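The values are calculated or read from the model by the stated rules, or taken from the named source; none is laboratory data. Computed from a predicted structure; not experimentally measured. Here the Cβ positions follow ideal geometry from the backbone for every residue, glycine too, while neighbour counts run over all protein chains shown. Accessible surface is based on the protein model in full, side chains and every heavy atom, while ligands, DNA and RNA are left aside. Shrake-Rupley method; radii C 1.70, N 1.55, O 1.52, S 1.80 Å.
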Amino acid sequence: MLVMFVGADRVETAVNASQVTFISQVTEGTRIRFGEGRSVTVTEPLGEVVEKLNWGMRPHE
């Protein structure tokens, strides 16, 4: 499932929640890491990112 965030460059960014391998807090917001050395930095705080990613991973009716 895709989850929407605002990128550090203020552009909307869609993230596939099932591909996230690591998240960390950085000065600009939160860095979301994927496999193969890819990452994106978003403006949302770490707690909000975790909440949105967890919501994206839950089965929906």
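The residues of region 5-28 that are in contact with a Ser or Thr (Cβ under 7 Å, 6 or more places away or on another chain) and hydrophobic (A, V, I, L, M, F, W, C), listed by number, are 5, 6, 8, 23, 26. Among residues of region 29-51 that are closer than 14 Å to residue 17 by Cα, those with a Cβ under 6 angstrom from a residue that is outside any strand (DSSP E or B) and open to solvent by 60 Å² or more (accessible area, probe 1.4 Å), sequence gap 6+ or separate chain, pair up as 34/19. Residue 13 falls short on exactly one of the conditions (1) open to solvent by 80 Å² or more (accessible area, probe 1.4 Å); (2) polar (S, T, N, Q); (3) within 9 Å of the chain's Cα centre (by Cα), and that condition is (1).
Hey, among the residues in region 16-38 that are surrounded by 13 or more Cβ atoms within 10 Å (Cβ to Cβ) and under 10 Å from the mean Cα position of the chain (by Cα), which one's nearest to residue 2 (Cα to Cα)? It comes out as 17.
Taken over region 39-48, the criterion of being surrounded by 13 or more Cβ atoms within 10 Å (Cβ to Cβ) and either of a type in the set (Asp, Glu) or closer than 24 Å to residue 59 by Cα (or both) is satisfied by 44, 46, 48.
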